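Encoded as structure tokens, the structure appears first; notes follow it.
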Amino acid sequence: YRLIYAAPERLRQPPFLHALCQAGVNRLVIDEAHCVSIWGHDFRPDYLYIAQARQALGNPPLLAMTATAAPRVREDILMRLGRMRIVAGEVMRPNLRLEVFHAHNEDEKLGFLLDLVCEEPGAGIVYAGTRVKCEQLASLLRARQVSAIHYHAGVENRNAVQDEFMQGRARVVVATVAFGMGIDKPDIRFIVHFATPPSLEAYYQEAGRAGRDGLPSRCVLLYAPTDRATLTRRANRDSMNESFMRQAYLSVKRNLHGATLGRVACDDLRRDLQAEEVPVRVAISYLEQAGLVQRGLDLPRQVTLCQQVTTPVP
């Protein structure tokens with residue numbers, strides 16, 4: 001194989017890491033490297049393990065790439081991955097027109113969106129905050145004779161939906177932030193944020209998917225006074241508070257049954273904490289960084305043993 005494309009979570013799986021060691025890795029490339037940093041807008045704790053996995057792979061040359069790394073994020077990436085030479089490109093893209101429409105309420109936002117999509121030629125992405133909103137907006141656009149589809153993590157045939165948009169069979173896709181990783185359609189003429197993104201980095205990464213062919217494109221953020229309360233509520237919901245951290249630590253201890261070393265299933269922690277997998281993994285990562293727990297490799301639920309038979313030399 002010339003290229004193996006894998007999620008960082010795979011590097012915690014001994015069989016996969018062993019297979020890579022056997023095959024040999026000439027270069028290790030980290031895409032979306034801001035995920036390594038706790039200050040990045042899309043922090044994923046398993047990215048922190050890449051440095052250890054790299055050592056197990058024989059320290060191959062490392063290239064880490066991201067479109068959104070503010071100075072604080074860069075420093076954190078260097079601290080976690082080791083010293084590297086930084087090559088920073090120009091963030092200014094003169095063909096993108098960044099706009100903000102201040103609406104009084106959601107109905108006014110909706111009216112502006114419908115007019116813009118109907119008037120603006122070419123392909124476009126509309127980012128909505130929830131799955132329900134994606135489906136509602138796509139349905140309203142279709143009622144205006146716009147070829148629109150919706151995309152979110154709950155869609156069963158996501159690859160087929162993505163292909164429809166990439167190949168031009170659908171002009172507009174209304175999506176959550178689940179849509180975007182790996183999207184490289186050069187002729188996207190407009191990006192509309194119906195919901196306000198949680199950070200400036202997230203906004204520019206999503207807006208930057210427009211106009212990759214160098215032609216003029218519009219990036220429009222629709223803002224209403226209620227959006228501020230929505231962002232605050234979302235930030236409070238996603239924050240890792242002290243109470244949750246304490247509960248996570250106690251849950252780990254309970255599942256170890258008094259031992260200092262043992263196996264703990266993520267599903268058991270999720271059940272104890274009544275939480276989704278991502279906050280549980282983030283909590284464990286924070287506890288690990290604080291020196292309260294130490295997480296090893298992920299153990300497979302099934303193991304295959306192969307007996308090696310040797311023929312005696314006569």
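The values are calculated or read from the model by the stated rules, or taken from the named source; none is laboratory data. Fair warning: this is a prediction, and the values are worked out from it, not measured in the lab. Backbone-built Cβ (ideal geometry, glycine too); neighbour counts: all protein chains shown. Heads up: the accessible areas ignore ligands, DNA and RNA and are worked out on the full protein's heavy atoms, side chains in. Shrake-Rupley method; radii C 1.70, N 1.55, O 1.52, S 1.80 Å.
Per-residue packing, averaged as other Cβ atoms within 10 Å, sorts the ranges 50-56, 35-41 into the order 35-41, 50-56, beginning with the highest. For the chain, the share of DSSP beta bridges that are antiparallel, to the nearest 5, is 0%. Fully extending the segment from Asn26 to Asn159, taken as 0.36 nm per residue of separation minus the present Cα-Cα distance, adds 44.9 nm. 3J(HN,Hα) couplings calculated from phi for region 159-164 with the Karplus curve 6.51 cos²θ - 1.76 cosθ + 1.60 (θ = phi - 60°) are, in sequence order, 4, 5, 5, 4, 5, 4 Hz; Gly and Pro show x. The mean accessible area for residues of region 61-210, using a 1.4 Å probe and ignoring ligands and nucleic acids, is 54 Å² per residue. Here, region 189-253 has an Rg and a Dmax of 17.8, 57 Å when only alpha carbons are counted.
Over the chain, the hull volume per residue, using the convex hull of the C-alpha atoms, is 194 Å³. When peptides 258-269, 76-87, 194-205 are sorted by average Cβ neighbour count within 10 Å, with the highest value leading, the order is 194-205, 76-87, 258-269. 3J(HN,Hα) along region 169-177, derived from phi through the Karplus expression 6.51 cos²θ - 1.76 cosθ + 1.60 where θ = phi - 60°, amounts to 6, 10, 7, 10, 10, 9, 9, 7, 5 Hz, with x in place of Gly and Pro.
Taking amide H as placed 1.01 Å from N in the peptide plane, the amide H of Ile30 sits under 5 Å from that of Leu63, Ala64, Met65, each at least 5 places away or on another chain. Applying D = kT/(6 pi eta Rh) to region 234-314, where Rh is the Kirkwood radius over alpha-carbon pairs, T corresponds to 20 °C and eta to 1.002 mPa s, the Stokes-Einstein value obtained is 143 µm²/s. Compactness of region 81-138, taken as the C-alpha radius of gyration over 2.2 N^0.38 Å, stands at 1.71.
Each eigenvalue of the Cα gyration tensor of region 143-232, multiplied by 5 and square-rooted, gives one semi-axis; in descending order these are 22, 17, 13 Å. Relative to the globular-protein estimate of 2.2 N^0.38 Å, the Cα radius of gyration of region 161-314 stands at 1.59. 3J(HN,Hα) along region 27-33: 7, 10, 10, 10, 8, 6, 5 Hz, from the Karplus curve 6.51 cos²θ - 1.76 cosθ + 1.60 with θ = phi - 60°, whole Hz, x for Gly and Pro. Under 5 Å between amide hydrogens, built in the peptide plane, is the criterion, and for Val126 it picks out Val173, Val174, Ala175, Val192 among residues at least 5 positions away or on other chains.
Spin-label model, Val100 to Gln167: label points 7 Å out along the Cα-to-beta-carbon direction sit 4.1 nm apart.
Using equal-weight Cα scatterers in the Debye expression, the normalised intensity of region 1-93 in log10 at q = 0.20, 0.21 Å⁻¹ is -0.98, -1.06. A straight Cα-to-Cα reach below 17 Å connects Lys109 with the lysines Lys133, residues fewer than 8 places away in its own chain not being considered. Tally up the carbon and sulfur contribution to the accessible surface of region 155-314 as a whole percent, 1.4 Å probe, everything protein left in place. Carbon and sulfur together cover 52 percent of it. The label point for Ala56 and the one for Thr310, both projected 7 Å from the Cα toward the Cβ, are 2.7 nm apart.
Counting only residues at least eight positions apart within a chain, or on another chain, the aspartates and glutamates with an alpha carbon under 20 Å from that of Lys185 are Asp31, Glu32, Glu120, Asp163, Glu164, Glu206, Asp213.
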